[in-house]
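Asker: Submitted below is the structure of interest, expressed as structure tokens.
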Amino acid sequence: MKDTPLILIIEDDEDILELEEFHLSNAGFEVLGFRSTRGVEQALEEEEVALLVVDRNLPGAEGSEFVALLRSKGYDLPVIFVSAKDQDFQVEEGFVRGGDDYLRKPFNMNELVLRVRALLRRSGAVSGERLSHGDLSLDPESRRLQRNGEEIHLSRLEFDLLAYLMRRPGRVVSREELLDEVWGDEEERGPKSVNVAINRLKKKIDREGEASHIESVRGIGYRLC
């Protein structure tokens, strides 16, 4: 399996497809998007696809029927249905036809990313992820951070913030993106929330007299350096 898992999405709603592509790409996955099932089988033959994200209301073919067809042809890769078909019997139908997970629309994009990661781990498509940058080593599964082998204790928010930056080394990440992706909808947040959290994090991971791991880019956001 490739070091960077390839996620194939089938979604006829262009706005939702773009959101799914954006969030999964930001989470470190390669993404291939389709507006219908046309061309999907050819892509599965030519590419090393790790997981399918499939809408059920598709032009030309119902999503779960298409997955059932793929299963009958021997394709055993994990499938997550993302659908407005949200009644219990419809969800059951999705699992019976070959789905491994089911998200009812509307849904939170962060939850989609979490479910993709969890399903890839369970399927063996990816091993436990470990992130490294300089003298920092972060294990998302055990939620442990070490600097040169010495453990550093972080709050949940600090850990998620550092993990988000470590998955995007060298890229400037805006404060707005961090608020949306790390804080989410349930955390208390305000205009200065990111600055305060970054400063707390820097005090824990930086050594006195040495360059900081996190650079502030004036007027934009932050970058791991």
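The values are calculated or read from the model by the stated rules, or taken from the named source; none is laboratory data. Quick caveat: nothing in here was measured; it's all calculated off a predicted structure. FYI the Cβ positions are ideal-geometry reconstructions off the backbone, even for glycines, and counts take in every protein chain you see. Accessible surface is based on the protein model in full, side chains and every heavy atom, while ligands, DNA and RNA are left aside. Shrake-Rupley method; radii C 1.70, N 1.55, O 1.52, S 1.80 Å.
Asker: Work through the residues other than ILE152 whose Cβ is under 10 Å from its Cβ and net out their charges, Lys, Arg +1 and Asp, Glu -1.
Answerer: Values: positive: ARG144, ARG147, LYS204; negative: GLU150, GLU151, GLU158.
Cβ neighbours under 10 Å give a net charge of 0.
Asker: When the chain is fully extended, how far beyond the present Cα-Cα distance does ARG143 get from ALA84, taking 0.36 nm per residue of separation? Please list the in-between numbers first.
Answerer: On the way: separation 59, 0.36 × 59 = 21.24 nm, distance 3.37 nm.
The span from ARG143 to ALA84 would gain 17.9 nm if fully extended.
Asker: Give the calculated FRET efficiency between ASN108 and ALA61 to the nearest 0.05, with a Förster radius of 22 Å applied to their Cβ-Cβ distance.
Answerer: Efficiency, from the Cβ-Cβ distance: 0.20.
Asker: Assign one of three labels to the range 1-74, namely rounded, prolate or oblate, based on the Cα gyration tensor with a ≥ b ≥ c the square roots of its eigenvalues; rounded applies when a/c is under 1.5, prolate when it is not and a/b is larger than b/c, and oblate otherwise. Could you put the intermediate results ahead of the total?
Answerer: Details: a/c = 2.22, a/b = 1.17, b/c = 1.90.
Cα axes put the range 1-74 in the oblate bin.
Asker: Per residue, how much accessible area does the chain have with a 1.4 Å probe, in Å²?
Answerer: On the way: 11820 Å² over 225 residues.
Per-residue accessible area for the chain comes out at 53 Å².
Asker: Further question: Skipping prolines and chain starts, which residues have an amide H placed within reach, meaning under 5 Å, of the one on VAL82, given they are 5 or more residues away or on another chain?
Answerer: VAL54, ASP55, ARG56, LEU103
Asker: Another question, if that's okay. Once you keep just the Cα pairs under 8 angstrom separated by 6 or more residues, what percentage relative contact order results for the range 6-63? Present the calculation step by step, with values, prior to reporting the outcome.
Answerer: Working: 85 pairs, mean separation 27.3, N = 58.
Computed value for the range 6-63: 47 percent relative contact order.
Asker: Do any trypsin sites (Lys or Arg not before Pro) in the range 162-211 lie in a loop, going by DSSP, with at most 10 other beta-carbon atoms within 10 Å of their beta carbon, and if so which?
Answerer: Counting only loop positions with at most 10 other Cβ atoms within 10 Å, the trypsin sites (Lys or Arg not before Pro) in the range 162-211 are LYS192.
Asker: Pick out which of TYR102, TYR75, TYR164 has the largest mean-square fluctuation in a Gaussian network model of the chain, springs linking Cα atoms closer than 10 Å.
Answerer: Most flexible of the set in this elastic network: TYR75.
Asker: Carbon and sulfur atoms: what percent of the 1.4 Å accessible area of the chain do they account for?
Answerer: On the way: 5320 of 11820 Å².
About 45 percent, which is the carbon plus sulfur part of the accessible surface.
Asker: Now for a separate question. Summing -39500 (n - 2.57) over the DSSP H runs of n ≥ 4 in the chain and dividing by its residue number, what mean residue ellipticity at 222 nm do you reach, to the nearest 500 deg cm²/dmol? Don't jump to the answer; show the numbers that get you there.
Answerer: Numbers: 8 runs with 82 residues, N = 225.
When only DSSP H runs of four or more count, the value is -11000 deg cm²/dmol.
Asker: Name the residues whose placed amide hydrogens come within less than 5 Å of the amide hydrogen of ILE9, ignoring near sequence neighbours (fewer than 5 apart) on the same chain.
Answerer: The answer is LEU32, GLY33, PHE34, VAL53.
Asker: Between the range 1-60 and the range 127-159, how many Å separate their Cα centres?
Answerer: That distance is 30 Å.
Asker: Hey, another quick one. Can you compute the charge dipole magnitude of the range 1-75 about its Cα centre, using +1 on each Lys and Arg Cβ and -1 on each Asp and Glu Cβ, nothing else charged? Give it in debye, rounded to the nearest 20.
Answerer: My answer is approximately 360 debye.
Asker: Could you tell me which label, among [x] 13.8; [y] 11.5; [z] 18.5, carries the value of mean projected area of the Cα convex hull in nm² calculated for this structure?
Answerer: For mean projected area of the Cα convex hull in nm², the calculated option is [x].
Asker: Assuming 1.306 mPa s and 10 °C, estimate D for the range 161-225 with Stokes-Einstein, Rh taken as the Kirkwood radius over Cα pairs, in µm²/s. Walk me through the numbers on the way to the answer.
Answerer: Numbers: Rh = 12.2 Å.
For these conditions, the coefficient is 131 µm²/s.
Asker: Same structure again: May I ask you to evaluate 6.51 cos²θ - 1.76 cosθ + 1.60, the Karplus curve with θ = phi - 60°, for each residue of the range 218-224 and list the ³J(HN,Hα) values in order in whole Hz, giving x for glycine and proline?
Answerer: Along the range 218-224, the couplings run 3, x, 10, x, 9, 9, 6 Hz.
Asker: Separate question: Along the positive direction of the dipole of the chain (beta-carbon charges: Lys, Arg +1; Asp, Glu -1; about the Cα centre), which of VAL79, LEU19, PRO140 reaches farthest?
Answerer: The Cα lying farthest towards the positive end belongs to PRO140.
Asker: Moving on. For the chain, what does the relative contact order come out to in percent, with C-alpha contacts under 8 Å and a separation of six or more? Mind showing how you got there, number by number?
Answerer: Values: 322 pairs, mean separation 30.5, N = 225.
With pairs under 8 Å counted, the relative contact order is 14 percent.
Asker: Another question about this same structure. With both bridge residues required to lie in the chain, what share of the DSSP beta bridges run antiparallel, to the nearest 5%?
Answerer: Roughly 50 percent of the DSSP beta bridges within the chain come out antiparallel.
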